[in-house]
Amino acid sequence: MSHDAKEGSLSKVEKGRLKKLKGRATIAPGTNSPGITSYDDAYELRSLLKKSNPTENNIEEVFPWGPSIDHFNSNNLDFSDARNWKLSEGSDHANLIHSILLGKTDASSSHQTDSEKKRKLGSCGNFAIEISPPSWSRLQNIALTQNVAVIEFDISLPNDESIAVMPSFRMSHDQTKSMTLSKLIRTEGYHGRKALPLCCTLYQGGRPRQMSDILMYVGKTSKKKSKTTESSRDGIEEKSSIKDDMLHEIVRRLNPLTLSMGKMKVEGYPVIEEGKKGKKQPSEDHLDDTISGLITAAKRFSCREPNQEKGENISLLFDKVTSDQIVNSLAVKVIVKSHKNEWSSSNFVASCLSRHELLQCDCPNVYSLDCEMVRTTEGFELARVTLLKLCPSLDDPEKYTIVLDEYVKPQHHVIDYLTKYSGIKPQMLENVTTTLEQVQATLLSIICKDDILIGQSLENDLKALRFSHFNVVDTAVLFRSSEGKKYSLKHLSAILLKQHIQGDYKNGHCSEEDAAASLKLAVRRARLGNRFQIHEKNAIANLLSVITQIKKETLNERPPFFQYHHGPIVCIGPNEWLIRHVTGHSIASALQCENISSPTVNAITSYLRPTNRRATLLWSRLCVGGTEMTAERANAKVDELVHNIVSISPPTTAVLFMFQRGVDEVIQCYKQRLLRRSDRSTLGWSKDDEEDYLQKLEIARSCEA
């Protein structure tokens, strides 16, 4: 098919757009053009190119562009002479990898200032990361990156042989320039690819580190900022003379802490199925008997002046017959994501009244909810429900009153009262007649759709209640660790509130105590801002853990790279390395490969081929050593792998080759140093021992990339 025939499948506007995008993607050597920095533009370029080549099965065959990472001062340098190699640090290469994978904004252009180059990363649990690409880096066509490969070569040959495997030594002795790495650093490149060689000081300090210790870990700066206003950082310092003003302020600051619809689905909340909301939303013009009854009860409840003393409780607002009619009339279909299908089937209802529109109240109420469940023949069922209402005062902005505290009769036979956790004992439910429907109908009259509902892992309570509500603050999510771990309510209370709850092992939890703790945690976070949090000791997070959290986000909340690329995450390396860095992260497929001679090495090129199983991120640590390994054989193995990767992977693959030698030896020496310098040791640690250790440390620190 001729070029004109191919272009003929595009409209005039599409042809112009394709020409413009091609021009931006084609970067002349030595120029500072940023190229394609928008993932939307990258996707459009590929789509238009595919449309203009309808007979081309593999678009990679006609897609010559890819990402470029260069040094600002590398123009016209002869890199075959290692003296021209620029210096870098291990953190530079880590930042480049993380910027490509996790960057929230477009790649930096050469015209941006250092402050503009900072790329904020988010949606990684409850923390934020700021990464600045190295000041020496010139990033071009970064949005054209489709996958990233990191290949670590751990050279463990004797010192005089290990240096012969390092690229700088080999290139300086490669007179014929036949080595693949030698070809890659030429001005014209090789196979449509070009490499930037760098000397790399992997780490600072006196403790040896492996390459993965630096490259695979992301630096954290602070918890993810909520959408609170500027004043929320300083908390509520002023004292209002009117109680309602305080409630307004707390509600205003709680609103940004509520879960989005996408987040609620991810966390397993019962969400109303699209297009199946049952009855129409109530309005002044059309109120059926059911809604009218709810509004009457709601007004009666809201107009009642609550007693501020804790321990107040209201009776159920409806009898059994009326409750059944209300629930059947207002039943909705919901989507419930649950790892264990142990929730018995029953009608779900959803908050439907509007406090502002129907009840003429300016400010929503703030409630805290906790339920206790038992296990029946049909799964978990409600046994107790406690609802607290926030009633702030000048002396106590976290003051509450008990609105509802009821034991509920399970619908099916109880097989486990779960007393250790629920605090429910058989005698507590003996004379209980309250039904789930009565609780649902009462909650429909109390909780309006614009009210804020607070709780710890509240999705479980709402499932037990068969109740759907959108305006939710979940303290388990709000205070989630940077690694994605949810802290228990007991832990949060002990650390942040300095209160010990759930301490009675024999009698189990108290729903009022738990609901009060959740309420205090959320309100205090709203008042004091992000400084009210658990401060973690570790300042880094495993990249795989970060990606795991990203994958849990809705598509539009992910960094652009993971919005467009959904291939597998693959890690290949020795078993010890996999256990240390990979095991426990279900997002990654782990393949054991003890050394570079293993047949498993072929999996690297297999996962980099432009096929459907192409890895989004491939990370491999290859041991170059062993009793039968010589420098000559090691070089042959390295050359073969590098050549295969360059030949098979398309230009849209960003590849980092990193070489380190002697790290295992210096780690063992470091351990001996700790033992022998101990006061208990009789061997001691001499000056010669220290000099030998520092020499080995410097060898392991001096890497090449």
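The values are calculated or read from the model by the stated rules, or taken from the named source; none is laboratory data. Remember, predicted model here, so these are calculated numbers, not experimental data. Cβ: placed from backbone, ideal geometry, glycine included. Neighbour counts: every protein chain shown. Ligands, DNA and RNA are stripped out before the accessible areas are found, and what is left, the full protein with its side chains, is counted by its heavy atoms. Shrake-Rupley method; radii C 1.70, N 1.55, O 1.52, S 1.80 Å.
Listed values, structure above:
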quantity: Hits in the range 689-698 - residues which are open to solvent by 40 Å² or more (accessible area, probe 1.4 Å) and either within 16 Å of Met211 (Cα to Cα) or in contact with a helix residue (DSSP H, G or I) (Cβ under 7 Å, 6 or more places away or on another chain) (or both); calculated: Lys696, Glu698
quantity: Output for the range 59-89, where each listed residue is modelled with pLDDT of 80 or more, over 22 Å from Thr31 (Cβ atoms), open to solvent by 50 Å² or more (accessible area, probe 1.4 Å) and not in a strand (DSSP E or B); calculated: Arg83
quantity: First in the range 177-188 and in a loop (DSSP other than H, G, I, E, B), second anywhere and aromatic (Phe, Trp, Tyr), Cβ under 9 Å, 6 or more apart; calculated: Ile185/Phe79; Arg186/Phe79
quantity: Qualifying residue in the range 610-618 (condition: open to solvent by less than 30 Å² (accessible area, probe 1.4 Å) and either over 27 Å from Lys551 (Cβ atoms) or among the basic types (Lys, Arg) (or both)); calculated: yes
quantity: Residue ID - modelled with the highest pLDDT, chosen from residues in the range 577-597 that are closer than 28 Å to Ala636 by Cα and open to solvent by 60 Å² or more (accessible area, probe 1.4 Å); calculated: Gln592
quantity: Residue match in the range 203-222 (condition: under 20 Å from Ala654 (Cα atoms), at pLDDT 85 or above and touching an Asp or Glu at 6+ places or on another chain (Cβ under 7 Å)); calculated: yes
quantity: Subset tally (residues that are within 16 Å of Gln411 (Cβ to Cβ) and either open to solvent by less than 10 Å² (accessible area, probe 1.4 Å) or not in a helix (DSSP H, G or I) (or both)) for the range 433-460; calculated: 6
quantity: Test for Ala143: is it within 26 Å of Cys593 (Cβ to Cβ), open to solvent by less than 60 Å² (accessible area, probe 1.4 Å), of a type in the set (Gly, Ala, Ser) and touching a residue at least 12 places away in the same chain (Cβ under 8 Å); calculated: no
quantity: Hits in the range 561-576 - residues which are in contact with a Ser or Thr (Cβ under 8 Å, 6 or more places away or on another chain) and open to solvent by 10 Å² or more (accessible area, probe 1.4 Å); calculated: His565, His566, Gly567, Pro568
quantity: Search result, residues across the range 448-465 that are more than 24 Å from Cys363 (Cα to Cα) and either out of contact with any helix residue (DSSP H, G or I) (no Cβ under 7 Å at 6 or more places or on another chain) or at pLDDT 95 or above (or both); calculated: Asn460, Asp461, Lys463, Ala464
quantity: Residues of the range 227-262 satisfying the condition of being open to solvent by less than 30 Å² (accessible area, probe 1.4 Å), touching a Ser or Thr at 6+ places or on another chain (Cβ under 9 Å) and at pLDDT below 90; calculated: Ser232, Met246, Gly262
